[in-house]
Structure formats: structure tokens, C-alpha cells
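Throughout, read-outs are computed from the coordinates displayed, never taken from laboratory work. Because the structure is predicted, anything quoted here is derived from the model rather than measured. No Cβ is skipped: glycine too gets one built from the backbone with ideal geometry, and neighbour counts run over all protein chains shown.
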Amino acid sequence: MLKSTIIPVSAALALAATASAAAAGTRVPNDMSQCRAGSGGTAALVRVVGFKEGTGRVRVQSYSGASNWLERGRWLHRVDIPVRLQGRDMTVCLPLDGPGSYGIAVRHDINNNGSSDRRDGGGFSGNPNISFPFNMEPNYSEVSFRANAGVNRITIVLNYLQGTSVEPIG
């Protein structure tokens, strides 16, 4: 399997996982009803925080297992929607296949050009430290979480290239 390459810099930070890849996973709408208490099934209610700007698109993808993590086309579910901020935050409901171990990757395509570039931002479940150029793609062990049946709440902090570092805004 080839890792997707999201270069230049800030894009690599968050999403080798989000290059337009083969459709191995399922693209789903941001259906908030799947994240209501008692809705049945398993889902991640992902609060994405720290947007640099309220423009572009946000892509949230789930992965299962270290062997699939950030592999091109190996995501399970993907929500890809226009940015609609509530303050500097946005909430996305991502269905999961059931209880188990997952990792989530987020990309903010700030200018909505469909390509990763230096202005784009991203983040991961677990909010691992990201550093340029050494740790742009964290290991699955740094991002994985245990999802239980029902709604699992996760907060992901976006990081952007700022000078020679990659970090949250503000």
C-alpha cells in the first residue's frame, strides 16, 4: 500500500489520509441524528476546534487499525462538507462500524481547491504533537481511541503551518 502524500507542509500535517483516494470507504452526510442519545449504533461526535478561517471545506475520516491508518483509500467513513462555524468550532457526526479501536483524521481545505497546500490545516484524534518535518503523520498508537456502542465524543484541535512550526491558532 502506498501512503498518500500531502505535501507541501501544512497539508502533510493533517492528512495524508485525505488525498482524493480510491473510494474504499463510505462517504456519508453529516447526519447529526446518528449522534443523538438513543439513536442506536456506534458513532463519533467530533468537535473540530481552532479553525483559522471560516472558509473552505472540512473532511473528517475514520480508520480502523494500524495497518489502515492514513493509507490511501483505506478509510472507513468520510464526511466532506463546507465549513459552517459556530464560533471557531464545527461539529461532525461520523458513523463507526461498531465498538472497537479507531483513529480519526481531519483536514481543513481552507481555500476549497481540492488540493493540499501550505494554508490548509488538520488534526487527529488524540491531538498528538505535530512537528515539521519529523512527525507530520503520527502513529496509530498516538491517535487511536476505544469507541463504545453509542455516541463517542471527541475533540480535535486543528493545526496550521505558522512560520516553521505546525501548531494550533491562537
If you bin the C-alpha pair distances of segment 45-110 every 10 Å from 0, what whole percents do you get?
21, 50, 26, 4
Spelling it out for ASN159: with amide H atoms placed in the peptide plane at 1.01 Å from N, the residues 5 or more places away or on another chain with amide H under 5 Å from its amide H are GLY122, GLY123
In nm, to one decimal, how far is the modelled label at ARG84 from the one at ARG36, with both set 7 Å along Cα→Cβ?
1.6 nm
Could you work out the relative contact order of segment 9-162? I mean the mean sequence separation of Cα pairs under 8 Å and 6+ apart, divided by the number of residues, in percent.
37 percent
